[in-house]
Amino acid sequence: MNAQDPKFSPSLESAFRRWREHALREGSPAEVAARENRLHSAVHALTNAGLAPAEAFLVALRRLGADDAGTRGFVRSQPGLLWEPEAVPAGRSFPGRETLAALGLAAGAAAAIQVPHFFGLTFGSAEYFYARNLSLLVLPFLAVLLAWRREIGGGPLAAVAVVFAAAALLVNTPPFRPSDALVTLTATHLPIALWLALGLVHAGGAWRETAARMEFVRFSGEFFIHGVLIALGGGVLIACVTMIFRAIGLDIREFIGSWLAPCGLAAAAVVAAWLADGRRGLASGMAPLLARIFTPLFTAVLVTFLATVALTGRGVTADREVLIGFDVLLAVVAGLLLYAVASRDPHAPPVFFDQLLLLLLGCALLADLLALRAIASRISDFGFSPNRVAALGENLILLVNLGWSAVLHGRFVLGRGGFGALERWQTRCLPVYAGWAALVAIIFPAVFR
């Protein structure tokens, strides 16, 4: 019996394929083949006992996971994988329990955004309240959504709750409360730290496992894509609403800026997380596809840039905007690497795309060295500042990450190492990003006040 048995539905065939891909990241092909035979035998026995194939697969998978940590991680990180959504009987169009829960949490996030408004704090207030607290008002609803879908509580959820509570206390309490230019650092770095804290809930307690971290990386990419698509649709809606009310002589721009847009964006974040976590819609799997499309383009851009630097002898200017642009570029390269890793079969042999990715890593390393030289020059001329120290730390972290990634990927391309080592290294870097972002968002305001 195998996953191609005629009695198996397409969703169950997909479940077997996903389990196999997950297992191959953690074990050798021989070990995975032995475990798969056990899984097939268990499913066969359970179907003969009268269970439906999908139910038999779930029971067999959980039995296999009793003495297999990798399979337990797969079960936790694959919500809604085993079956297609049930068909709605004719004449019924009521939203399901999960849909109602997601919409309720979206409404809660929209309401939370407006709670400070009743205390006299608006998006343009001098206190910069929203700059410090926007992520704290929205991300907890995403954490509740992920925890509810996984039916988890206790340790992971309590840990994330402590993180959110501590962050809220620190960024709003002197001497950690940022002011002036430091608000920008907090507003850009705190969401990164808190987003990675959501990984504890998304992994369902299996955060130490490489596969669970990679699933969170995939979820993050799908969340971003769904969020962008929803935001684009919302922008069109707002434009239409503004136009039709203007046609009757009413200017509703203040209502849109103070109520509709903020509430809509907060609700959209929850809906995007729900869609991404459920792997619904056309955007599912888009993040790895975009990585495949944009890796050659970014490689061409960096090769052209480095060739121009070499031919003209010009260095990178130390302007703040230029350095920020370099940081964004290097972060995008790191993201492309993550999603290229996430979309690849770790046991497939090297192909041309792997050589292209290695070239991109080499070019990114050279660009990072140029940026570090410019940052050092700026610090030498003007001294230390929170922005310069933050940029220096981020570039050093990216240098280490991309540098060792290039070494591991080079070994793989040359046939001297496996692809799994690169995957494990990338997931181990995630807590480093979160730690640095938390340090910049919370500690810098006290140190550089």
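Here are the numbers for the structure shown:
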| item | result |
| --- | --- |
| Count of residues meeting criterion [more than 30 Å from Val183 (Cα to Cα) and assigned to a helix (DSSP H, G or I)] in region 406-431 | 14 |
| Candidates Val316, Val303, Val270 - the one that is modelled with pLDDT of 90 or more and in contact with a Phe, Trp or Tyr (Cβ under 9 Å, 6 or more places away or on another chain) | Val270 |
| Within region 162-198, tally of residues that are surrounded by fewer than 18 Cβ atoms within 10 Å (Cβ to Cβ) and of a type in the set (D, E, K, R) | 1 |
| Filter pass, Asp368 being within 15 Å of Leu422 (Cβ to Cβ) and of a type in the set (D, E, K, R) | no |
| Check on Ala434, closer than 30 Å to Pro178 by Cβ, under 25 Å from the mean Cα position of the chain (by Cα) and modelled with pLDDT of 90 or more | yes |
| Residue list for region 364-410, filter: without any contact (Cβ under 8 Å) to a residue 60 or more places away in the chain, surrounded by 21 or more Cβ atoms within 10 Å (Cβ to Cβ) and within 19 Å of Phe305 (Cα to Cα) | Asp368, Ala371, Ile375 |
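The values are calculated or read from the model by the stated rules, or taken from the named source; none is laboratory data. The structure presented is a predicted model; accordingly, all values stated were derived computationally and were not measured. Cβ: placed from backbone, ideal geometry, glycine included. Neighbour counts: every protein chain shown.
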